[in-house]
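Asker: This is the structure, below, for whatever I ask next.
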């Protein structure tokens, strides 16, 4: 994975922070970003704050371009968390044929939990 692809996952991490895997990736990224500030604690950035995320992404991208060691750590972070942050393309296909008497059809992907109608 190259640095540009790794930087692109920074925004994906912010957008995924509501999930457990996304939260873990975001916290891990902030720990990595400590190198930008030299702080003992990760830089506090709210993943819901688009401006703060853009600024953090810019600082990370700049540092990765100037520091090969940081770039290697960033791409390592991205490779470890890519699966949790990448949106997968899935295809759902339902077929209604023959003499089926159907009033409504609902097409969906994976459902976790109950579905109730009416």
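The values are calculated or read from the model by the stated rules, or taken from the named source; none is laboratory data. In this text the structure is predicted, and so the values were computed from the model without any measurement. Note that each Cβ is placed from the backbone with ideal geometry, even for glycine, and that neighbours are counted across all protein chains shown.
Asker: For residue 35, state whether it is under 20 Å from residue 72 (Cβ atoms) and surrounded by 13 or more Cβ atoms within 10 Å (Cβ to Cβ).
Answerer: yes
Asker: Among 90, 110, 86, which is surrounded by 10 or more Cβ atoms within 10 Å (Cβ to Cβ), closer than 19 Å to residue 19 by Cβ, at pLDDT below 80 and within 23 Å of the chain's Cα centre (by Cα)? It would help to see each step written out before you state the result.
Answerer: Numbers: 90 fails: surrounded by 10 or more Cβ atoms within 10 Å (Cβ to Cβ); 110 fails: surrounded by 10 or more Cβ atoms within 10 Å (Cβ to Cβ).
Testing whether each residue is surrounded by 10 or more Cβ atoms within 10 Å (Cβ to Cβ), closer than 19 Å to residue 19 by Cβ, at pLDDT below 80 and within 23 Å of the chain's Cα centre (by Cα) leaves just 86.
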